[in-house]
Amino acid sequence: MRQRLGLTLLLVSLITGFALLDHSAATRAADEQLKAKKPVLQKFMRAKLDLAQGLLEGLVIEDWLVQFIPAFETVQNEALKHAREVTYGQTTTKIFSPEYLAAELLRSGRLKDQVRVVALIESGNLDIASFHDIIERHGLAEKWTSLAARFDVGE
């Protein structure tokens, strides 16, 4: 039990930067050793925490969070059929076009996704005619009308 508590305090110490609470002679010696290794250990723990966070939301690739979305909706399935294949290193994957990405974001209906739709449109990298074709086919025209009015999105 004491070893488990010590390990827990060590992890808390490494992650938060707080000193260990038990300062017996043995612990002070261990503290000194840890202080010498603290930057390396903190970097290691931060990398592990970042990886754990990334696994919850996606993966961080060259400082970009990449989300992996399972296809459940018809717009997602169609987007995968028309996705562009790209290779990164030795890995090939599919990426939605901006039009399908905007349609999927519109379908989700979350405010942060609506803001992303507006940003995609304003970026000039979205083919509006193709986007409208997609949202018509998938019954998203009403959501589009609402979003366009809310954010005063011109075409």
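Please treat every number below as a calculation from the coordinates, not as lab data. Note that this is a predicted model, so its numbers are computed, not measured. Methodologically, a virtual Cβ is constructed for each residue, glycine included, from the backbone with ideal geometry; neighbour enumeration extends over all protein chains shown.
Provide the per-residue ³J(HN,Hα) series for the stretch 91-105, in order, calculated from phi with Karplus coefficients 6.51, -1.76, 1.60 and θ = phi - 60°, each as a whole number of Hz, with x at glycine and proline positions. For the stretch 91-105, the Karplus curve yields 10, 9, 9, 10, 10, 4, 6, x, 5, 6, 4, 5, 5, 5, 5 Hz. On a per residue basis, the convex hull of the C-alpha atoms belonging to the stretch 81-123 measures out at 87 Å³. Neighbour counts of other Cβ atoms within 10 Å put H138, H82 in the fewest-to-most order H82, H138. For the stretch 115-128, the Karplus equation 6.51 cos²θ - 1.76 cosθ + 1.60, evaluated at θ = phi - 60°, returns couplings of 4, 5, 4, 4, 4, 4, 5, 5, 5, x, 9, 10, 7, 4 Hz by residue, with Gly and Pro reported as x.
Ordering F131, F96, F151 from the fewest to the most neighbouring beta carbons within 10 Å gives F151, F96, F131.
By the count of other C-beta atoms within 10 Å, a proxy for reagent exposure, E99, E78 are ordered fewest to most as E78, E99. If r is the Cβ-Cβ distance from K94 to A141 and R0 is 25 Å, what FRET efficiency results, to the nearest 0.05? Working from the Cβ atoms, E equals 0.45. If only the Cβ of Lys and Arg carry +1 and only the Cβ of Asp and Glu carry -1, the dipole of the stretch 69-151 around its Cα centre is close to 260 debye.
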